[in-house]
């Protein structure tokens with residue numbers, strides 16, 4: 001039997017979550033070669049990176065179309081390597097536009113597929129359900145409602161918990177930060193993709209300038225991701241922006257010092273929620289992507305913190321609604337001491353909703369169980 005496993009984690013968050021899973025999985029499979037698409041964290045766990053996440057960060061339909069030749073080349077390259085030495089299984093992490101196509105091609109080759117971190121089918125009206133039922137052997141999901149969703153569609157799914165709980169539960173502050181009117185600081189979290197930074201950071205900075213001018217804040221801090229050079233972030237600052245600093249510190253260090261944050265929609269909203277930091281969620285994509293998305297998405301919110309809670313724990317300003325004056329107004333409200341204190345209490349419910357720690361261990365156990373059952377069936 002071949003001793004290799006293909007992993008495709010083509011986004012920064014997927015790289016992190018998959019690396020924690022691999023940390024638990026690899027010791028139980030000595031001699032196994034792990035290879036595929038990932039980033040620095042998976043590489044640190046011994047995975048052979050064929051394509052780095054930095055090359056796969058496309059946002060929106062327009063960007064995907066422009067990079068189609070490269071995307072097809074990546075897919076064909078991975079499949080050729082799988083043909084030459086078939087993996088015991090493939091572990092596909094989120095990234096559904098690419099991974100669901102890979103799942104189909106792998107299934108046709110008799111390579112079983114485990115999907116870790118579900119596409120948000122419950123948001124997109126279930127239009128990809130048939131593909132998953134056909135091509136995926138088992139879904140490993142982060143939320144209990146996802147397990148119920150898939151079971152209702154006749155798909156095997158196993159709830160393993162959310163890896164962010166593993167990452168942060170030991171670091172969560174025991175007491176809430178209170179607003180010091182003489183020293184108010186906000187965080188700017190523009191995302192992990194270059195396109196997100198280009199689209200969101202200029203207006204995030206403009207919002208911080210408005211708040212500073214109106215005396216609502218004293219300092220702002222841009223949280224930079226490790227895989228993108230600091231110059232990418234610094235280019236949006238002017239000579240008078242000395243109150244805005246840049247940091248590469250992990251969110252576990254940053255979030256406890258912020259009175260509120262302005263955050264791109266994505267996994268970071270859950271992290272802000274776990275630390276009970278009041279936030280305004282923003283996002284912007286090209287108009288074609290937004291036009292199509294509005295007609296396909298079947299849920300009321302796009303921020304994960306709101307989706308998981310089933311209510312608006314954080315205001316969302318999306319597309320044309322994302323303007324510096326509107327965001328400044330929302331943040332000003334959240335920076336009022338009483339409102340800030342109340343919002344932090346509301347956000348704490350997220351800790352219960354995301355469950356207990358141990359997601360990476362549970363995911364690894366599910367994969368080992370799958371491999372054991374597959375081997376016994378053979």
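The values are calculated or read from the model by the stated rules, or taken from the named source; none is laboratory data. Everything numeric in this text was worked out from a predicted model, so none of it was measured. FYI the Cβ positions are ideal-geometry reconstructions off the backbone, even for glycines, and counts take in every protein chain you see.
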Considering only the stretch 12-31, state which residues are touching a strand residue (DSSP E or B) at 6+ places or on another chain (Cβ under 8 Å), part of a helix (DSSP H, G or I) and farther than 18 Å from residue 193 by Cβ. 19, 21, 22, 26
Scanning the stretch 252-266 for residues that are in contact (Cβ under 8 Å) with a residue 60 or more places away in the chain, in a helix (DSSP H, G or I) and surrounded by fewer than 23 Cβ atoms within 10 Å (Cβ to Cβ), the one nearest to the chain's Cα centre (by Cα) turns out to be 252
Would you mind telling me which numbered condition in (1) in the same structural domain as residue 279 (by TED's automatic domain parsing); (2) closer than 30 Å to residue 158 by Cβ; (3) in contact with a strand residue (DSSP E or B) (Cβ under 9 Å, 6 or more places away or on another chain); (4) in a helix (DSSP H, G or I) residue 313 fails? (4)
If residue 236 meets every condition in (1) surrounded by fewer than 17 Cβ atoms within 10 Å (Cβ to Cβ); (2) in a loop (DSSP other than H, G, I, E, B); (3) over 19 Å from the mean Cα position of the chain (by Cα) apart from one, which number is that one? (1)
Taking the stretch 323-358 on its own, how many of its residues are at pLDDT below 95 and either crowded, with 19+ Cβ neighbours inside 10 Å or touching a strand residue (DSSP E or B) at 6+ places or on another chain (Cβ under 6 Å) (or both)? 2
Look at residue 172 and say whether it is in contact (Cβ under 8 Å) with a residue 12 or more places away in the chain and closer than 22 Å to residue 353 by Cα. yes
Does residue 22 qualify as being more than 17 Å from residue 167 (Cα to Cα) and in contact with a helix residue (DSSP H, G or I) (Cβ under 8 Å, 6 or more places away or on another chain)? no
Filtering strands (runs of 3 or more DSSP E) wholly in the stretch 153-227 for at least 2 residues that are surrounded by 21 or more Cβ atoms within 10 Å (Cβ to Cβ) and at positive phi gives none
